[in-house]
Each structure stands twice: as structure tokens, then as C-alpha cells.
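The values are calculated or read from the model by the stated rules, or taken from the named source; none is laboratory data. Every value quoted in this text rests on a predicted model; they were computed, and no experiment measured them. Virtual Cβ from ideal backbone geometry, glycine too; neighbours counted across all protein chains shown. Note: accessible area is taken over every heavy atom of the protein model, side chains too, but ligands, DNA and RNA are not part of it. Shrake-Rupley method; radii C 1.70, N 1.55, O 1.52, S 1.80 Å.
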Amino acid sequence: MILKRLSILNYKNIPEAQLDLSPKMNCFIGHNGAGKTNVLDAVYYLSFCRSAQNPIDSQVIRHDEPFFVIEGEYEEEPPLKIYCGMKRGQKKHFKCRGKEYKRLSEHIGLIPLVMVAPSDTLLIEGTSEERRRLMDVVISQYDHSYIDALNRYNKALQQRNTLLKQEDGEPDEALMTIWEEQMAESGEQLYAKRRAFVEELIPLFQRFYQQIAQGSEQVDINYTSHCQRGPLLEVIQRDRWRDRAVGYSLHGVHRDDLEFSLGGRLMKREGSQGQNKTFVIALKLAQFDFLRRTASQTTPLLLLDDIFDKLDAQRVEQIVKLVAGEGFGQIFITDTNREHLDQILRASSFDYRIFRVERGEIAVQE
């Protein structure tokens, strides 16, 4: 997938931008806070119908402006044009080839994308919710039935939790069972898809990590789920009395997690800043490779936001070799230091374009 043109109006700190893009490498240079990441976030929005950084749509509208618009034109036949716009106080409109979606979930996966950002260290340091989101974002890009199952599960979970919090007497037994059965049915489907994804992801991830770290460290991923304790319906119902005491569901796939390890020990306890960042970058590149093989034979867009910070020169060199090599399609990359980008550009002969970003203004730089 290639994004040929990107138009941005009143998105975050960007007042207006019309960008003709390189089919291979697009580099955005500027100081911290200049707006580099906001350009990448606009590209992300066109794939996922939301910002990667802020789930509240009204808050991405530029200060003191009444609306925002993002438009993208992709190389397809016929041309693929994506439009997103929103006025304050109104719902957003998302259109593909001029036709508005009835459900935004229908769009997910049309333009596969992987983004690597500084906040990704939360995958290691943060809660299990961050790691479940990682699985959800990737799987939903190639399997729409996954999104449907996830929505059904979350609805049943919410309804069951409402019953558990009920204060005036015991909740209706039959109604509780209905929601538990729906949780179990949808949850088993989600578990099967997550397990298959993780099993395929692990060898790809380990290969990328070894390439970046030059084979000096052993890493692994372990997927844990309550589904591994037996039929999920039995697991959910087994401790219903305890759930009633705390007022929410303690068991189910909403508690699934990924355990990251370095040398057989938990990454969050053992990893240095450089190792953590290497781990996350390798994980995201593995997601890219997985989607490239799986998502309708479409090469995803790759967004690399400030990835070189806290990495030693050797690891930077290996990442440069990876993204400059075959297998990667269109790349968007940000940095405060042009030296890193010059390394990438010198290592290859492909087409590229460099943009200078200052206070939300974007200009092509030779």
C-alpha cells in the first residue's frame, strides 16, 4: 500500500499541509514538539479511524478551530481516496471513495499499518491492557470476525459486571447465565485467534531481535489466558461468588496477557532502556512482517517515530540495515537528528523525500 498524497487541515498543531509523498521513504525532521509525530498520527488516523495518541476525537482539532479534515490518496486502481472530517460537537465522517461507512470497523484492515513510537515501552512497563491491545490491533487488520467477537465479548462483560454490582438483592440467575455463556463463546473464539497469532509471531520476533542485538541475548513471549484452565464458561462461573464480592469479572479473556522475557527472566525486571526499546522495535517489525504475509498480500505502511533514542550505535546500524532492505514498503520516519536519516539514505538507492517541520508548518527539504 502506497500513500501518494496527504492533506491535513486543523489537525492538532498543523494548520494546513498538502504533501506529495515518496513511495518509499518519507523523513520528517524537526525539534521536539514541532509536529513531526502529528503527521504520522494523521497517517495512522486514515488506517484506524482514530488517533494513536488520543481516543477523544474532538481533542485532535486544532485549538480555536471549528473542524479538522484529513484526506489521503493511495495508489490503487481505481484510485483509493480516504476522507475523514469532524466539526466540534458533531460526529465524525469517514468516507472511502466518496462513500461513508455505516460502521467504522468495516474500514479496519483496508490500509494495514504498523507504528513504532516511544510510548510503546508501555508494552513492557504498562498493564496487561496494553499487551492485549497489541494483539487486538494486529488481528483486527486481517480478520473482521475478530472485531465482531471482541465487541460481543465486551458487551457481555459489561452487562455481567452491571449485574455483579447490583445492590438491591441478588442478580437474576438466568440473565447472569446468558451473559456468561456469551462471554464464554466469544472468549473462546478470541483466545483461539490470539493463540494462533502469537505462535506465528514469536519466531519472527526472535529473528528480528537477534538481527538488531547481533545474537547476544535470548528473548521470548509467553501467552497466558484463563482459557488455559479449562472450558471458559466453567472458569467464569467457578468463582461467581468472588466476582460478586468485588463487583466485577475476575476471569475471562479480558485478563489475557503476554509475558516478555530476557534470558528466561521477566523483561520488565531485567531489561535496560536500550534492551526494552530493542524488544519493542523487534516486536513491531515482527508485526509488520506478519501482516505483510497475512493481510491480503498488501505490504503495510511502516511508521517509525523517534526510534533511535536510547539505542547504541550498533543497534541503530542494524535497524538501518533492516528498514533499508527488501520486504519493507512505504516508510514514514521522524527524528530530531538528520544524521540518523542520512545513514539510512546512504545505505540504499531507493526514492526518498525529506520534510522539515517547524511549529506545525511542513516544507520539503532538499
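Answer yes or no as to whether Glu199 is surrounded by fewer than 17 Cβ atoms within 10 Å (Cβ to Cβ), more than 18 Å from the chain's Cα centre (by Cα) and among the charged types (D, E, K, R). Considered against the rule, which asks whether it is surrounded by fewer than 17 Cβ atoms within 10 Å (Cβ to Cβ), more than 18 Å from the chain's Cα centre (by Cα) and among the charged types (D, E, K, R), Glu199 comes out as yes.
Regarding Glu76, is this residue outside any helix (DSSP H, G or I) and in contact with a strand residue (DSSP E or B) (Cβ under 6 Å, 6 or more places away or on another chain)? No, not satisfied.
The set of residues from region 340-366 being at pLDDT 75 or above and open to solvent by 60 Å² or more (accessible area, probe 1.4 Å) comprises Asp351, Tyr352, Arg353, Arg356, Glu358, Arg359, Glu361, Val364.
If you filter region 138-190 down to residues that are basic (Lys, Arg) and in a helix (DSSP H, G or I), you find that the one that is most open to solvent (accessible area, probe 1.4 Å) is Lys155. Regarding Asn26, is this residue outside any loop (DSSP other than H, G, I, E, B), open to solvent by less than 60 Å² (accessible area, probe 1.4 Å), in contact with an Asp or Glu (Cβ under 6 Å, 6 or more places away or on another chain) and of a type outside the set (Ser, Thr, Tyr)? Spelling it out, it is not the case that Asn26 is outside any loop (DSSP other than H, G, I, E, B), open to solvent by less than 60 Å² (accessible area, probe 1.4 Å), in contact with an Asp or Glu (Cβ under 6 Å, 6 or more places away or on another chain) and of a type outside the set (Ser, Thr, Tyr). Contact map, region 47-63: first residue at negative phi and touching a residue at least 40 places away in the same chain (Cβ under 8 Å), second residue of a type in the set (D, E, K, R) and part of a helix (DSSP H, G or I), Cβ cut-off under 9 Å, separation 6 or more or different chains; pairs are Ala52/Asp41; Gln53/Asp41; Val60/Asp41. Among the residues of region 236-246, is any without any contact (Cβ under 8 Å) to a residue 60 or more places away in the chain, aliphatic (A, V, I, L, M) and in contact with a His (Cβ under 9 Å, 6 or more places away or on another chain)? Scanning region 236-246 turns up at least one residue that is without any contact (Cβ under 8 Å) to a residue 60 or more places away in the chain, aliphatic (A, V, I, L, M) and in contact with a His (Cβ under 9 Å, 6 or more places away or on another chain). Among the residues here, Arg359 does not qualify as among the charged types (D, E, K, R) and within 30 Å of Gly109 (Cβ to Cβ).
Close Cβ contacts (under 8 Å, 6 or more residues apart or on different chains) running from residues in region 155-167 that are more than 19 Å from Glu185 (Cβ to Cβ) to residues that are open to solvent by less than 50 Å² (accessible area, probe 1.4 Å) and not in a helix (DSSP H, G or I) comprise Leu164/Pro171; Leu164/Gly247; Leu164/Ser249; Lys165/Gly247. Taken together, the residues in region 3-23 that are outside any strand (DSSP E or B), open to solvent by 10 Å² or more (accessible area, probe 1.4 Å) and within 26 Å of Glu339 (Cα to Cα) amount to 3. Only one of the numbered conditions (1) in contact with a helix residue (DSSP H, G or I) (Cβ under 6 Å, 6 or more places away or on another chain); (2) open to solvent by less than 20 Å² (accessible area, probe 1.4 Å) is not met by Ala52, and that is (2). Evaluate the following for Tyr45: is it surrounded by 13 or more Cβ atoms within 10 Å (Cβ to Cβ), aromatic (Phe, Trp, Tyr) and part of a helix (DSSP H, G or I)? Yes, satisfied. Annotation: of all residues in region 106-125 being open to solvent by 30 Å² or more (accessible area, probe 1.4 Å) and in a helix (DSSP H, G or I), the one that is farthest from Met1 (Cα to Cα) is Glu125.
Here is a yes/no grid of residues against (1) touching a Gly at 6+ places or on another chain (Cβ under 8 Å); (2) of a type outside the set (Val, Ile, Thr); (3) farther than 22 Å from Val138 by Cα; (4) at pLDDT below 95:
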site	(1), (2), (3), (4)
Lys12	yes, yes, yes, yes
Gly33	no, yes, yes, yes
Pro55	no, yes, no, yes
Gln59	no, yes, yes, yes
Glu77	no, yes, yes, yes
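Scanning region 314-360 for residues that are closer than 21 Å to His31 by Cα and among the small types (Gly, Ala, Ser) turns up just one, Gly360.
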